[in-house]
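For reference, the structure discussed in these notes is given below.
The values are calculated or read from the model by the stated rules, or taken from the named source; none is laboratory data. Remember, it's a predicted structure, so these values are computed and weren't measured experimentally. As a convention, Cβ positions derive from the backbone with ideal geometry for all residues, glycine included, and neighbour counts pool all protein chains shown.
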């Protein structure tokens, strides 16, 4: 029989650090697995704007592109025109009520799935940039260069990049309050 004097004494400080390290490691593994998981959605969509929509209760943001905002104006032949609305209309025609298939690996700060989406085998993200209705945002540089050279969509005139337009209009909204 082993007596009490032969059992190691617990070192509560060291034990606590070890337990914390183990739980932190498990947490990191779970985060890694979640960040690399694939989310797939398929269904009809409700458009929000030229690069986002809702399907099956989930908001989706087309990854790698940035389309003009719904209220954004561009300039063509010294005349303002509603390029944001035109971008959304192009996406509407591209989808035209057909089911959309999306695959994404992460979510943005607004809990939107960042995804590449297809309709009838055609990649929507790429087509938005290729036809000049969105700018490349990390991907699709060649498609943007082609659209710009061919003066398609927003490249027919002058415009603020959507990211710059949002930043400027957010500041204007804050100053007008």
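For segment 123-136, taking the residues that are touching a helix residue (DSSP H, G or I) at 6+ places or on another chain (Cβ under 8 Å) and not in a helix (DSSP H, G or I), the one that is surrounded by the most Cβ atoms within 10 Å (Cβ to Cβ) is identified as 134. For residue 145, the conditions (1) in a helix (DSSP H, G or I); (2) within 21 Å of residue 52 (Cα to Cα) all hold with the exception of (2). Cβ-Cβ distances below 6 Å connect no pair with a first residue in segment 152-177 that is farther than 13 Å from residue 133 by Cβ, a second residue that is assigned to a helix (DSSP H, G or I) and modelled with pLDDT under 90, and a separation of six or more residues or different chains. The residues of segment 149-165 that are surrounded by 15 or more Cβ atoms within 10 Å (Cβ to Cβ) and assigned to a helix (DSSP H, G or I), listed by number, are 153, 154, 155, 156, 162, 165. Is there a residue in segment 33-53 that is more than 21 Å from the chain's Cα centre (by Cα), at pLDDT below 90 and assigned to a helix (DSSP H, G or I)? No; the residues of segment 33-53 include none that is more than 21 Å from the chain's Cα centre (by Cα), at pLDDT below 90 and assigned to a helix (DSSP H, G or I). Taking the criterion of being touching a strand residue (DSSP E or B) at 6+ places or on another chain (Cβ under 7 Å) and either assigned to a loop (DSSP other than H, G, I, E, B) or touching a residue at least 40 places away in the same chain (Cβ under 8 Å) (or both), the residues of segment 112-122 that qualify are 112, 113, 114, 115, 116, 117. Taking residue 91, is it crowded, with 19+ Cβ neighbours inside 10 Å, closer than 18 Å to residue 68 by Cα, within 19 Å of the chain's Cα centre (by Cα) and touching a residue at least 12 places away in the same chain (Cβ under 8 Å)? So residue 91 fits the description; yes. Residue 109 meets each of the listed conditions (1) closer than 25 Å to residue 170 by Cβ; (2) out of contact with any strand residue (DSSP E or B) (no Cβ under 7 Å at 6 or more places or on another chain); (3) touching a residue at least 60 places away in the same chain (Cβ under 8 Å); (4) surrounded by fewer than 16 Cβ atoms within 10 Å (Cβ to Cβ) apart from (3). Restricting attention to segment 54-70, which residues are in contact with a helix residue (DSSP H, G or I) (Cβ under 9 Å, 6 or more places away or on another chain) and either crowded, with 16+ Cβ neighbours inside 10 Å or at pLDDT 95 or above (or both)? Of everything in segment 54-70, those that are in contact with a helix residue (DSSP H, G or I) (Cβ under 9 Å, 6 or more places away or on another chain) and either crowded, with 16+ Cβ neighbours inside 10 Å or at pLDDT 95 or above (or both) turn out to be 62, 63, 64, 65, 66, 67, 68, 69.
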